[in-house]
Amino acid sequence: MARKSFSKRLTWHIIVIVSVIFITMLFFVSWTSTLLTETEATRSAQYMLHGTISDIEQPLTELEVQTKTIGIHVLMQIDNTDNLDKISNSVVLSSALINGCSIIIPDKEGKEEYIIYNYRDENDSIVTRRQRNANMMEAEWLQNIVKKKSPSWTPPYYAVHRGGTKAPRVTTYGLPVFDADSNVVAIVASDLSVKWIEEKVASIRPYPNALTSISCSEDVILGIDDSLMLAQIKKAFAENKELQELGDDMRQGKDSIRRRIGRGRNMAFVVYGPIHNGWMMSISCLYRDVMRQTNIMNLFLIFLGLVGTSLSFLACRRTIKKMTRPITELSDAALNLAKGNFDAQMPEINSQDEMKDLRDSFVYMQNSIVDYIEELKNTTRTNERMESELNVARNIQMGMLRSDFPDHLHAFLSPAREVGGDLYDFFVNDKKLYFSIGDVSGKGVPASLMMAITRAALRFVASLNIPMDKTLERINRSVTDSNSNNMFVTLFVGRIDLETGHMEFCNAGHNPIIIIPPDGKPYFLHAKANIAVGLFEDFVFQDESIDLVPGTRIVAYTDGVTEAEKEDKTLFGNERLLAWADDPRTKNTETSDKDVVESLYSAVKTFTNGNTQNDDITILSLTI
């Protein structure tokens, strides 16, 4: 693998940290500037919207007031057509924005419908038109005025004057005139030119692609004269849920803002508000227009960041490489040291800083290693001698244990250290099988010596063919006499008559053995309470007996089996041991005792899953 330079890695780490900080700051600046730009853009659009609405509403209000004023005069001169004509004419003359004024007298009580209409022609001259039975009252907007008995505005439309000439686009304010009985006796309709409104709307363009419009009805939108564009807008409103919600708000006359409508390049915000005559004005701006300058600024910041990062990299690389050169030299010297060249020359460092302290530490380490290696050589020679002696002791100890197992018996001992304190023994005398298993307190050499003493005493006393309780009492006195270190031994001794299956036994504080009948459930053989051997010289032990049927299997063990633990300190325990004993293969009399012993040892090792063995393990299995 190619060697990586520390200075280069340090430089890259610094650059990465600086880049992360820069990117974070850039993101924050971009997010903040975007938020501020959006807020400022919407606020500016709202100011434009409300200012324009105010400019539009002023002439509308003036016309409404003037129309209501002349409505009083119309009521007073209802039967004088000449005076009505003068009233109509005065309205048109009052403002250049008023394109016409009509006074409509509906037919009533045998009188014919009569209309007086003064309007401006294409030459800006006032033309008077009087007509009977013009059927004006058939117009829907006039019928609504009569029906609701309230004034209203019409959407903008192109009126047709005498001779078929097309008049300018106007909107009409209709006011009903009531008599004393609240009956509509006349309608005053004033036409207001919307050309100035269209020019006003066209002038409101905060951004190149901004769209300003006034929605007067479903089919009339000032500011959008292109029928194709109008059709596309209607289609978009029909298909887009966000636009439908926007349309609902506008129809309800709400004054609000809708942000982030649409997707991608067509994402926009819309500010909208009502005009008091029922129209709705809106200004929509594309975010790409609003954010154009902000995006340019962000790109410029990114460019500056890249340039700054590149210059920082070069400067950091040069500076760090110079400052870390002593580390490289120390690294080479340490590598020589690691290869066994303990006489390698350390570089000279004159700076009075951490680099010199590091160099001095390497020199101290070099000298310490030389001294340690010499000491280690001496220690290794001593350990090798001790290990050799322990191996001899292990071989002697294992040689003391019988390994010439008959077909119906097998045993196994695994010490936790080089030598251990567990023991087992067996022999046949006069058609009786003597067997024993024990566990000396402690581990290592002291336990192995106590084990040797106990086994020798056990072999001698058992050969005397005396009762089991007397056997343990003699062994106890013998062990107690030789026990200067206050150690003790748990023992289980048994004697089985091979002809009758009668077993005498005595348990001196040892784990209960397992009885596995050929046709039954295995169980622990719980014995009378006796203390361990080696504690009290005069203790009186109690023996017991049991009759076993042919095919019965006995499994004896030390606490290294039940107290074997996993890494999480969970013990193998009696329940798992009894469950193993209840396994069909263990209970099968065809299974050899060797296989039974190996099976239990394998179960313990599988349970511990490689965890260090902390106690000697001894297992003995025999079948009657």
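Observations, loosely collected:
- Subset of the stretch 614-624 [open to solvent by less than 60 Å² (accessible area, probe 1.4 Å) and either modelled with pLDDT under 90 or more than 27 Å from SER441 (Cβ to Cβ) (or both)]: ASP615, ASP616, THR623, ILE624
- Restricting attention to the stretch 479-497, the residues that are in contact (Cβ under 8 Å) with a residue 40 or more places away in the chain, closer than 17 Å to ALA457 by Cβ and either among the polar types (S, T, N, Q) or open to solvent by 30 Å² or more (accessible area, probe 1.4 Å) (or both) add up to 5.
- Residues that are small (Gly, Ala, Ser), under 24 Å from LYS470 (Cα atoms) and surrounded by fewer than 20 Cβ atoms within 10 Å (Cβ to Cβ), drawn from the stretch 498-520: GLY501, GLY509
- Helices (runs of 4 or more DSSP H) fully within the stretch 540-593 counting 1 or more residues that are under 27 Å from VAL489 (Cβ atoms), in contact with a strand residue (DSSP E or B) (Cβ under 8 Å, 6 or more places away or on another chain) and open to solvent by 10 Å² or more (accessible area, probe 1.4 Å): 559-562, 573-581
- Considering the stretch 550-560, and only residues there that are modelled with pLDDT under 95 and not hydroxyl-bearing (Ser, Thr, Tyr), the residue that is nearest to LYS594 (Cα to Cα) turns out to be GLY551.
- LYS147 being in a helix (DSSP H, G or I), open to solvent by 50 Å² or more (accessible area, probe 1.4 Å), of a type in the set (D, E, K, R) and more than 30 Å from MET291 (Cα to Cα): yes
- Only one of SER368, SER310 that is surrounded by 10 or more Cβ atoms within 10 Å (Cβ to Cβ) and within 47 Å of the chain's Cα centre (by Cα): SER310
- Test for LEU335: is it open to solvent by 60 Å² or more (accessible area, probe 1.4 Å), within 30 Å of VAL20 (Cα to Cα) and out of contact with any Pro (no Cβ under 7 Å at 6 or more places or on another chain): no
- Scanning the stretch 234-246 for residues that are surrounded by fewer than 16 Cβ atoms within 10 Å (Cβ to Cβ) and not acidic (Asp, Glu), we see that the one that is farthest from the chain's Cα centre (by Cα) is LYS234.
- Matching residues, the stretch 594-613, being open to solvent by 70 Å² or more (accessible area, probe 1.4 Å) and outside any helix (DSSP H, G or I): ASN609, GLY610, THR612
The values are calculated or read from the model by the stated rules, or taken from the named source; none is laboratory data. Values in this document were obtained by computation on a predicted structure and should not be read as measured data. When we count neighbours, we look across all protein chains shown, and the Cβ atoms used for this are built from the backbone with ideal geometry, even at glycine. Areas reflect the complete protein model, heavy atoms only, side chains present, ligands, DNA and RNA absent. Shrake-Rupley method; radii C 1.70, N 1.55, O 1.52, S 1.80 Å.
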